[in-house]
1. At q = 0.24 Å⁻¹, what is the log10 ratio I(q)/I(0) for the chain, with the Debye formula run over Cα points and no solvent?
2. Between residue 114 and residue 46, what FRET efficiency comes out of the Förster formula 1/(1 + (r/R0)^6) with R0 = 35 Å and r the beta carbon distance, rounded to 0.05?
3. If each residue of separation counts as 0.36 nm, what is the full-extension length gain between residue 97 and residue 31 once their alpha-carbon separation is subtracted?
4. For segment 93-117 and segment 18-37, compute the distance between their C-alpha centroids and round to whole Å.
5. Using the beta-carbon distance between residue 81 and residue 60 and R0 = 25 Å, what value does 1/(1 + (r/R0)^6) give for FRET efficiency, to the nearest 0.05?
6. At a 10 Å Cβ-Cβ cut-off, how would you order 53, 27, 84, fewest neighbours first?
């Protein structure tokens with residue numbers, strides 16, 4: 001029975017594509033924004049693939065499965081206005097069978113616009 005479960009798990013994992021969310025958050029003058037929070041949001045409360053930028057302003061997060069075109073990529077950095085983009089505007093790889101979904105979102109640079117009021 002354990003062998004059958006292992007085979008089923010391998011088959012499931014082999015069918016689901018990998019998802020990647022990566023990039024670099026910078027200040028308006030192009031400097032890294034360390035400690036910025038980034039995430040993919042699909043719906044009002046769903047915040048997936050949360051990450052925090054490193055000292056160089058870089059982040060990378062992975063997972064399983066594609067994300068629909070309706071999802072947004074969001075970033076928050078202390079002292080700056082939050083920024084939001086559609087994932088399709090930064091989509092680098094789509095599933096071959098879906099035109100309205102994304103497997104890889106890369107935003108580099110993702111420039112913060114202005115200081116928060």
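1. -1.30
2. 0.80
3. Numbers: separation 66, 0.36 × 66 = 23.76 nm, distance 3.87 nm.
So the chain would gain 19.9 nm between residue 97 and residue 31.
4. 12 Å
5. On the way: r = 24 Å, r/R0 = 0.95.
Computed FRET efficiency for residue 81 and residue 60 comes out at 0.60.
6. Numbers: 53 23, 27 18, 84 11.
In increasing order of surrounding Cβ atoms, one gets 84, 27, 53.
Coordinate-derived values only; no laboratory data. Just so we're clear, the structure is a prediction, and the values are computed from it rather than from any experiment. Counting neighbours? That spans all protein chains shown, and the Cβs are built from the backbone with ideal geometry, glycine included.
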